[in-house]
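Only one structure is covered here, and it is reproduced in the block below.
The values are calculated or read from the model by the stated rules, or taken from the named source; none is laboratory data. Treat the numbers as computed from the prediction; the structure is a model and nothing was measured. Don't worry about glycine lacking a Cβ; one is built from the backbone with ideal geometry, like all the others, and counts go over all protein chains shown. Only protein heavy atoms, including side chains, enter the accessible area calculation; ligands, DNA and RNA are left aside. Shrake-Rupley method; radii C 1.70, N 1.55, O 1.52, S 1.80 Å.
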Amino acid sequence: MTIQYQCKISQNKIKHRIKEISTQINQDFHGKELTIICVLKGAFIFTADLVRMIKIPVKIEFISVSSYDGMISSGAIRVNKALTADIKGKHVLLVEDIIDSGHTIDYLTHLLESQHPASLRICTLLSKTASHKNKYKIDYIGFEMTNDFAIGYGLDLNGQYRELPFIAQVINSQS
Ligand code: HPA
Ligand code: MG
């Protein structure tokens, strides 16, 4: 598959924004312990960079879900790898790569709330607010995105381009 893309958010901008978000998280959870749940696969790079700026005690857990086939959301969420940790009574921070339609975050919020965490907050690298129309309470947002398809820094198109060190916008694609 051949695509063309254009850098939208540079490595430097990402780095600065993660510093700001981590400062906020360090303040908000001061004196507490945090369980960070990285939503695989897309959030793996963001989570890795974020947790290294966090100064409070953290445990890092993973859950793997998928809802996308290429550039089209199927709407149905598939859990590929369930959460193994017990989050009852824990302060949980869910880390996502992108909140687009909101289907995944809606599903995950219900799933995690059913396990009775002490608190649940949401952090996403990217938010397509025009797409989910602010229906969800997102506590930490890296960047607001337009409705273009984003790749890089963990985000994929058909499993590719996660390794790009910046966030890019797909400008044309032929599959
Ligand atoms: N890029 C990559 N994955 C996605 C996107 C996007 O723009 N929206 C939802 N999943
Ligand atoms: Mg994806």
| remark: Residue-normalised value, i.e. accessible area per residue, for the chain at 1.4 Å probe, in Å², stands at 52
| Spin-label model distance (nm) - MET71 vs ASP139, 7 Å beyond Cα toward Cβ | 3.4
| request: Rounded to the nearest 0.05, what FRET efficiency do ASN147 and GLU61 give with R0 = 35 Å and r taken as the Cβ-Cβ distance? Could you check? | output: 0.70
| query | Extension gain SER114-PHE166, at 0.36 nm per residue separation less the Cα-Cα distance, in nm? | reply | 15.2 nm
| task | Evaluate the charge dipole of the chain about its Cα centre and quote only its size in Debye, nearest 20, assuming +1 on the Cβ of each Lys and Arg and -1 on the Cβ of each Asp and Glu. | result | 320
| message | Distance cut-off 26 Å, Cα to Cα: go down the list LYS8/LYS59; LYS32/LYS133; LYS15/LYS41; LYS8/LYS128 and report the pairs above it. | response | LYS8/LYS59; LYS32/LYS133
| For PHE62, distant residues with modelled amide H under 5 Å away | CYS38, THR84
| query | If you average the sequence gap of Cα pairs under 8 Å that are 6 or more apart and divide by the length of the chain, what percent do you get for the contact order? | reply | 28
| query | Using Cα pairs under 8 angstrom and six or more residues apart, how large is the relative contact order of region 1-102, in percent? | reply | 30
| remark: Listed by chain and number, the residues whose amide H is under 5 Å from that of ASN158, excluding neighbours fewer than 5 places away on the same chain and using placed H, are GLY70
| Which residues' amide hydrogens lie under 5 Å from the amide hydrogen of PHE143, considering only partners 5 or more residues apart or on another chain, with H built in the peptide plane? | LEU126, SER127
| query | In the chain, carbon and sulfur make up what percent of the accessible area (probe 1.4 Å)? | reply | 50
| Under 11 Å from the SER10 label point (7 Å along Cα→beta-carbon), backbone N, region 93-135 | none
| field | Kirkwood hydrodynamic radius of region 1-81, Cα pairs, Å | value | 15.0
| query | Leaving out ligands, DNA and RNA but keeping every protein chain, what accessible area does PHE62 have, in Å² rounded to the nearest 10, with a 1.4 Å probe? | reply | 80
| note | Over all viewing directions the Cα convex hull of the chain casts an average projected area in nm² of 9.4
| query | Rounded to the nearest 500, what is the chain's calculated 222 nm mean residue ellipticity when only DSSP H runs of at least 4 contribute -39500 (n - 2.57) each, over all residues? | reply | -7000 deg cm²/dmol
| note | Sorted largest first, the Cα spans of region 52-107 on the principal axes come out in Å as 38, 24, 16
